[in-house]
Amino acid sequence: MSEVDSKNKRGARPAASEEPEARDNQLELAIGTQVRQFRQDLHMTVAEVAKMAGLSPGMLSKIENGMTSPSLATLRALSQALNVPVTAFFRKYEDQRDATFVSQGQGLLIERRGTRAGHEYRLLGHTIGKRINVEPYLITLSESSEIFPLFQHAGVEFVYVLEGEMDYRHGGQTFEMKPGDSLFFDSDVPHGPERLKKLPIRMLSLQARAAE
């Protein structure tokens, strides 16, 4: 080994990872989105708002793109320039974003009207704090299931057949449904399976109604 190689080996430091550290900048992105939206609503340019807030156009551009975390003083200056409260910059970040994952064969077994007639309901998720309540169900009908075409509830419903065959009634109409068939309807009209042709029947039901 040469003297140079020996010195380099003794003095070498662990190489820093070339991959930048992952940074949670969701707050910065949310603030930037709001700043840009308020600026555009006023039909102002980046340079105009930056001048009013005492910032450079480059700094304001970084803020709008979520590339930097603005100080409270900067947010206060921007709020004055855009004529909005400081709290308005945090609205997008505070909005709740939900995701529900359900493994195969899982889902919450729910007691609903028709459950006693042998209709198995597994809830696959639901909305929280929204203006519209949405509930997806996996419904299973078996040999023990009774015919019950008189379900009624507020809102709308979407039914998609995964397995089996049946006649499905909605009001005065009857639809022959097989795997791959779907039906979208107002659910305040009496509806439900009228004839079970091929069992078991599995279908997805997506029910939506205005929140109370």
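The values are calculated or read from the model by the stated rules, or taken from the named source; none is laboratory data. From a predicted model like this one, the values you see are computed outputs, not experimental measurements. Ideal geometry is used to build each Cβ from the backbone, glycine not excepted, and the neighbour counts take in all protein chains shown. We work out accessible area using only protein heavy atoms, side chains counted, and drop any ligands, DNA or RNA first. Shrake-Rupley method; radii C 1.70, N 1.55, O 1.52, S 1.80 Å.
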If a residue has to be over 17 Å from E28 (Cβ atoms) and either open to solvent by 30 Å² or more (accessible area, probe 1.4 Å) or outside any helix (DSSP H, G or I) (or both) to count, how many in the range 77-86 make the cut?
4
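Hey, does the range 181-197 have a residue that's without any contact (Cβ under 8 Å) to a residue 24 or more places away in the chain and more than 16 Å from Y121 (Cα to Cα)?
Within the range 181-197, one or more residues are without any contact (Cβ under 8 Å) to a residue 24 or more places away in the chain and more than 16 Å from Y121 (Cα to Cα).
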Being open to solvent by 60 Å² or more (accessible area, probe 1.4 Å) and in contact (Cβ under 8 Å) with a residue 40 or more places away in the chain is the filter; apply it to the range 131-154 and report the residue that is nearest to R202 (Cα to Cα).
E143
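Scan the range 59-69 residue by residue and report those that are open to solvent by 20 Å² or more (accessible area, probe 1.4 Å) and within 18 Å of M44 (Cβ to Cβ).
Going through the range 59-69, the residues open to solvent by 20 Å² or more (accessible area, probe 1.4 Å) turn out to be 59, 61-62, 65, 67-69.
Of everything in the range 59-69, those that are open to solvent by 20 Å² or more (accessible area, probe 1.4 Å) and within 18 Å of M44 (Cβ to Cβ) turn out to be M59, S61, K62, N65.
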Identify, please: which residue in the range 119-130 is open to solvent by 50 Å² or more (accessible area, probe 1.4 Å) and either out of contact with any strand residue (DSSP E or B) (no Cβ under 6 Å at 6 or more places or on another chain) or assigned to a strand (DSSP E or B) (or both) and is, among those, modelled with the highest pLDDT?
R122
Which condition breaks for H43 when tested against (1) surrounded by 10 or more Cβ atoms within 10 Å (Cβ to Cβ); (2) at pLDDT 90 or above?
(1)
What number goes with the only condition from (1) assigned to a helix (DSSP H, G or I); (2) at pLDDT below 90 that G32 does not pass?
(2)
